[in-house]
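Okay, structure first, notes after.
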């Protein structure tokens, strides 16, 4: 573990976090680093979520410490005005800003958590919600990568598998069976022709899209396959519930057997929230979040939430992942003014 760094060196703090490997399910060292840096007792700490700060503060700052697997981009480095390395943008830069704000005494509740880069069913946040320690929260700010502008709401994320069944036969006599791959091709025809659906909320355009992201089928070159499957990813707009999203996907593939693998909710923009409006005075540029983030989990609990963080969206999850040092300072200064 790299040595402690003094505040408020945001680049060095980000690099310190980057250099502690924390792929999803392997975040213990990163959480221990966070724990060691925060002074005094946490409000809540179950090993997977640390809640620290002013128990009555109306704002919660939230960020995850886990990353996707490294792609040869560990250890990190500071070069050409940016911090490079796995998780630099998504979202250890945001976590570094949170830590420095906490150490500076900015009044908020700070939630650091694990297992965000995995299906929502694996999230540790429900235990925090059940604790009651977020009562009185008027706005949650999730420091996901947004290039230092506001990203309002988020898309839902439904992952499913659709199975097409046939009857095996010798490939020299295919008419004696039924080819499951051919059934799959016919069954996905409507989805292939589907255009993105633009949904407008609070003046923002969210795009609903469905993609086939993985296909499998067949056991040998001389066998007509009896089973073929496709994995589908449906990014659905705010305003559509999880149940409605499942129903819509079944409409699009009516002839296969649909099995839902995970279903993460969408979140509304929450731009009419008074604190969100105050943040907009400091950050006037707003875009729809064309992705899923934990703002949806806060929204399901009746807590208005918005995305704002220093990460560079264009570099998230890339082998050359990096975050401009200038973004770190912009986010820190903006949130310090917002919380003051």
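Worth a mention:
- For segment 312-340, a residue qualifies if it is over 15 Å from residue 152 (Cα atoms), surrounded by fewer than 24 Cβ atoms within 10 Å (Cβ to Cβ) and under 17 Å from the mean Cα position of the chain (by Cα), and the qualifying residues are 312, 314, 315, 316, 317, 318.
- Per the listing 180, 160, 102, 111, the residue uniquely surrounded by 14 or more Cβ atoms within 10 Å (Cβ to Cβ), in contact with a strand residue (DSSP E or B) (Cβ under 7 Å, 6 or more places away or on another chain) and within 23 Å of residue 224 (Cβ to Cβ) is 180.
- Residues (touching a helix residue (DSSP H, G or I) at 6+ places or on another chain (Cβ under 8 Å) and in contact (Cβ under 8 Å) with a residue 40 or more places away in the chain) located in segment 218-235: 224, 225, 226, 227, 228, 229, 230, 232, 234
Condition check ((1) within 23 Å of residue 306 (Cα to Cα); (2) buried (at least 17 other Cβ atoms within 10 Å of the Cβ); (3) without any contact (Cβ under 8 Å) to a residue 40 or more places away in the chain; (4) touching a strand residue (DSSP E or B) at 6+ places or on another chain (Cβ under 7 Å)) across all residues:
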position: 43; (1), (2), (3), (4): yes, yes, no, yes
position: 54; (1), (2), (3), (4): yes, no, no, yes
position: 66; (1), (2), (3), (4): yes, yes, no, yes
position: 69; (1), (2), (3), (4): no, no, no, yes
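- Hits in segment 170-194 (condition: free of Cβ contacts under 8 Å to residues at least 40 places away in the same chain and assigned to a loop (DSSP other than H, G, I, E, B)): 173, 193
- Checking each residue in segment 8-41 for being exposed (fewer than 15 other Cβ atoms within 10 Å of the Cβ) and in a loop (DSSP other than H, G, I, E, B) picks out 25, 26, 39, 40, 41.
- Tally, over segment 255-311, of residues that are farther than 26 Å from residue 232 by Cβ, exposed (fewer than 15 other Cβ atoms within 10 Å of the Cβ) and in contact (Cβ under 8 Å) with a residue 24 or more places away in the chain: 5
- In the set (1) touching a strand residue (DSSP E or B) at 6+ places or on another chain (Cβ under 8 Å); (2) more than 23 Å from residue 303 (Cβ to Cβ); (3) touching a residue at least 60 places away in the same chain (Cβ under 8 Å), the condition left unmet by residue 35 is number (3).
- Condition check for residue 304: in the same structural domain as residue 74 (by TED's automatic domain parsing), modelled with pLDDT of 95 or more and touching a strand residue (DSSP E or B) at 6+ places or on another chain (Cβ under 7 Å): yes
- From the list 199, 223, 209, 213, the one residue that fits, being over 30 Å from the mean Cα position of the chain (by Cα), at pLDDT 95 or above and surrounded by fewer than 20 Cβ atoms within 10 Å (Cβ to Cβ), is 223.
- Residue 95 in contact with a helix residue (DSSP H, G or I) (Cβ under 9 Å, 6 or more places away or on another chain), over 25 Å from residue 324 (Cβ atoms) and in the same structural domain as residue 330 (by TED's automatic domain parsing): no
- Residues satisfying the stated conditions in segment 195-225, i.e. more than 30 Å from residue 177 (Cβ to Cβ) and not in a strand (DSSP E or B): 195, 196, 202, 203
- All told, residue 228 falls short of being outside any strand (DSSP E or B), farther than 26 Å from residue 268 by Cα and outside the structural domain of residue 150 (by TED's automatic domain parsing).
- Looking only at segment 241-254, and only at residues there that are outside any loop (DSSP other than H, G, I, E, B) and free of Cβ contacts under 8 Å to residues at least 40 places away in the same chain, the one that is farthest from residue 292 (Cα to Cα): 251
- Taking the conditions (1) closer than 26 Å to residue 198 by Cα; (2) free of Cβ contacts under 8 Å to residues at least 40 places away in the same chain; (3) not in a strand (DSSP E or B) in turn, residue 238 satisfies each one other than (2).
- In segment 104-153, counting only strands (runs of 3 or more DSSP E) that sit wholly within it, the ones holding 2 or more residues that are farther than 18 Å from residue 14 by Cα span 139-142, 150-152.
The values are calculated or read from the model by the stated rules, or taken from the named source; none is laboratory data. None of these values were measured; they are calculated from a predicted model. Here the Cβ is made from the backbone with ideal geometry for all residues, glycine too, and neighbour counts use every protein chain on show.
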